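Some notes on the structure that comes next.
The values are calculated or read from the model by the stated rules, or taken from the named source; none is laboratory data. Everything numeric in this text was worked out from a predicted model, so none of it was measured. Note that each Cβ is placed from the backbone with ideal geometry, even for glycine, and that neighbours are counted across all protein chains shown. The accessibility values were calculated without ligands, DNA or RNA, using every heavy atom of the protein model including side chains. Shrake-Rupley method; radii C 1.70, N 1.55, O 1.52, S 1.80 Å.
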Amino acid sequence: MAYSDKVLDHYQNPRNVGTLDKNALDVGTGVVGAPECGDVMKLQIKVGDDGRILDAKFKTYGCGSAIASSSLATEWLKGASVDDAAQIKNTQIVEELALPPVKIHCSVLAEDAIKAAIEDWRKKQAARIAASAASHS
Amino acid sequence: MKTPIYMDYSATTPCDPRVVQRMLPFFTETFGNSASRSHAFGWTAEAAVDHAREQVAALIGAHPKEILWTSGSTEANNLAIKGVAQMYRQKGNHLITAVTEHKAVLDPMKYLETQGFEVTFLPVNRLGHVDLEQLAFAMTDRTILVSLMAANNEIGTLHPLAKIGALCKQKGVLFHTDATQAPGKIELDVESQHIDLLSLSAHKLYGPKGVGCLYVRRKNPRVRLVSQMDGGGHERGMRSGTLNITGIVGMGEAAAIAKTELHSEVQKLLGLRARLQMRIMNSLPDSVVNGDQDARLPHLTNISFPYVEGESLIMGIKEIAVSSGSACTSASLEPSYVLKGLGLGDELAHSSIRFSLGRFTTEAEVDFAADRVIAEVNRLRAMSPLWEMVQEGIDLSQVKWTSH
């Protein structure tokens, strides 16, 4: 498999590998994929009060382009607003990393991981608002 | 030490320099066509082909006249399977093979299914063995051929040829074995192992690519084939086409070396493989060696590294040339059907690496490869969510995954 230099760079020097506290209220976690399919991505975001993503971390089990796709995603997420992050499309990842057609599913998985992480964070916020409304009434 | 280090001898081998030396004159000086009966150029070529036939026959305990030259094992398998099926159609239309055979056996079998034949694809157990009772049970009076490989190309498991051969003989069914991976690694003897047809390829035994042969028994019983390549009637009409003299000379020499050096080479390979496997397993004890660890080719080990995906591991150890059962290294995006056939589960298939060592492998290369693999598996595990979950005590089989 001939990969682009960008894929190789992300594979060899992955950005933002790590783990955030998945129980923290300001952290959203998305885990997508399945071991029997050959790729699992875990992507996490930590969101500030202003709705900007302060930090992003990933861990990925998968091929080189799966690792590169999630590494790139965390770079794009950091500093972005949650609303902008929700707009990231897999095609942008394909373009940036010059992924070959057989590896497009890796970019789809990265997009799914971003959406799942945002969804998790939004659920926590909704729960928090509901809880504080309940305690004030 | 020069990198990349070659550890994919089961894919192909370099030509032994002794083989190349033997071949060289046949390109330029003694370049005749062995079918030319009217002059010395042809006679010299024919003598060289006959000598090579003796060398290859000696390697498998056959008579030289039982060796039929082909372009390699794929052609030999096609000729054996389709040739027997078409010749013995009146006797029966049933053939038997196993799910872990090479595609060069499975695909001719599938082709025959479209032509009105019935094929039984036997399952294998976790070690890669067919159940001999099941094999015996599958044979009917309509069965004309059993095709089971000598040694599996992905995991190295050895089929008990003598037992399978005896069973076939007892039932009056022809026995073909794809022995591509076996020569120079295990003893092959068509008499004691009761083999009727046997496929070989030169490039797996330090000979050139593009040449191989099919052994076809001519006594007890005399096996007949319908040719698959028609033309000038070469090879007693069973395989027309001007012979690849240089390749054949090379294959003969490679076979002679493999026969002479079998025992010393096997000892060396066993030592190197044990060294590689031990070093890896000591550092990564949760790795899994696939296949039968006893009845196995001496030069090959197929190891799964749980929680790490095979293609990314191969990318990380690019100084070492190995192959993987991972889906991502194949065009089909399906993990190895051989490993799946063992009932391993896709996850272990995705994380498997095949190391195959050979005549020119050194201890220093083995140590280097083991250390690189260990370092890279650890690096990839540090970024694997599966590894993290396992460390947290999560049972991965209980997790609800979002398959895609």
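Just a few scattered comments:
- Taking every residue in segment B:106-130 that is buried (at least 20 other Cβ atoms within 10 Å of the Cβ) and pairing it with any residue that is assigned to a helix (DSSP H, G or I) and at pLDDT below 95, at least 6 positions away or on another chain, the pairs with Cβ-Cβ distances below 8 Å are B:Val124/B:Gly341; B:Gly128/B:Val338; B:Gly128/B:Gly341.
- Unmet criterion (only one of (1) in contact with a helix residue (DSSP H, G or I) (Cβ under 6 Å, 6 or more places away or on another chain); (2) among the basic types (Lys, Arg); (3) under 20 Å from B:Gly128 (Cα atoms)) for B:Arg296: (1)
- Any hit, segment A:6-19, residues being in a strand (DSSP E or B) and among the β-branched types (Val, Ile, Thr): yes
- Applying the set (1) on the phi < 0 side of the Ramachandran plot; (2) free of Cβ contacts under 8 Å to residues at least 60 places away in the same chain to B:His194 leaves exactly one unmet item: (1).
- Counting only residues that are open to solvent by 40 Å² or more (accessible area, probe 1.4 Å) and touching a Pro at 6+ places or on another chain (Cβ under 6 Å), segment B:223-247 holds 0 of them.
- Given (1) within 14 Å of chain A (Cβ to nearest Cβ); (2) within 13 Å of B:Ala370 (Cα to Cα); (3) free of Cβ contacts under 8 Å to residues at least 24 places away in the same chain, number of the condition B:Ile317 does not satisfy: (3)
- Residue under evaluation B:Gly250, criteria (1) open to solvent by less than 10 Å² (accessible area, probe 1.4 Å); (2) part of a strand (DSSP E or B), criterion not met: (2)
- Taken over segment B:267-280, the criterion of being open to solvent by less than 50 Å² (accessible area, probe 1.4 Å) and touching a residue at least 12 places away in the same chain (Cβ under 8 Å) is satisfied by B:Leu269, B:Leu272, B:Arg273, B:Leu276, B:Gln277, B:Ile280.
- Scanning segment B:346-399 for residues that are closer than 30 Å to B:Tyr206 by Cβ, of a type in the set (Gly, Ala, Ser) and touching a strand residue (DSSP E or B) at 6+ places or on another chain (Cβ under 7 Å), we see that the one that is modelled with the lowest pLDDT is B:Ser352.
- Residue in segment A:95-115 that is more than 14 Å from chain B (Cβ to nearest Cβ), in contact with a strand residue (DSSP E or B) (Cβ under 8 Å, 6 or more places away or on another chain), open to solvent by 10 Å² or more (accessible area, probe 1.4 Å) and of a type outside the set (Phe, Trp, Tyr) present: no
For (1) in contact with a Cys (Cβ under 8 Å, 6 or more places away or on another chain); (2) farther than 21 Å from A:His105 by Cβ; (3) open to solvent by 20 Å² or more (accessible area, probe 1.4 Å); (4) without any contact (Cβ under 8 Å) to a residue 12 or more places away in the chain, each residue gets a yes or a no:
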{"position": "A:Asp26", "(1), (2), (3), (4)": "no, yes, yes, no"}
{"position": "A:Gly30", "(1), (2), (3), (4)": "no, no, no, no"}
{"position": "A:Pro35", "(1), (2), (3), (4)": "no, no, no, no"}
{"position": "A:Val40", "(1), (2), (3), (4)": "no, no, no, no"}
{"position": "A:Leu43", "(1), (2), (3), (4)": "no, no, no, no"}
{"position": "A:Leu54", "(1), (2), (3), (4)": "no, yes, yes, no"}
{"position": "A:Lys57", "(1), (2), (3), (4)": "no, yes, yes, no"}
{"position": "A:Gly62", "(1), (2), (3), (4)": "yes, no, no, no"}
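- Residue among B:Leu270, B:Leu243 that is of a type outside the set (Lys, Arg), in the same structural domain as B:Val366 (by TED's automatic domain parsing) and more than 11 Å from B:Gln55 (Cβ to Cβ): B:Leu270
- Residue match in segment A:122-137 (condition: assigned to a loop (DSSP other than H, G, I, E, B) and either over 21 Å from A:Gly30 (Cα atoms) or touching a helix residue (DSSP H, G or I) at 6+ places or on another chain (Cβ under 8 Å) (or both)): yes
- Some residue of segment B:21-43 being out of contact with any Ser or Thr (no Cβ under 6 Å at 6 or more places or on another chain), within 16 Å of B:Ala256 (Cα to Cα), part of a helix (DSSP H, G or I) and modelled with pLDDT of 95 or more: yes
- Candidate set: segment B:360-404, residues that are of a type in the set (Phe, Trp, Tyr) and over 21 Å from A:Gly30 (Cβ atoms); chosen: the one nearest to the other protein chains (Cβ to nearest Cβ): B:Phe368
- Considering each residue of segment B:137-145 in turn, at least one proves to be surrounded by 23 or more Cβ atoms within 10 Å (Cβ to Cβ), assigned by TED's automatic domain parsing to the domain that holds B:Lys65 and either of a type outside the set (Lys, Arg) or part of a helix (DSSP H, G or I) (or both).
- Once segment B:336-357 is narrowed to residues that are surrounded by fewer than 24 Cβ atoms within 10 Å (Cβ to Cβ) and assigned to a loop (DSSP other than H, G, I, E, B), the residue that is nearest to the other protein chains (Cβ to nearest Cβ) is B:Gly345.
- For A:Lys22, the requirement of being of a type outside the set (A, V, I, L, M), over 11 Å from the mean Cα position of the chain (by Cα), more than 10 Å from chain B (Cβ to nearest Cβ) and more than 20 Å from A:Ala85 (Cβ to Cβ) is not met.
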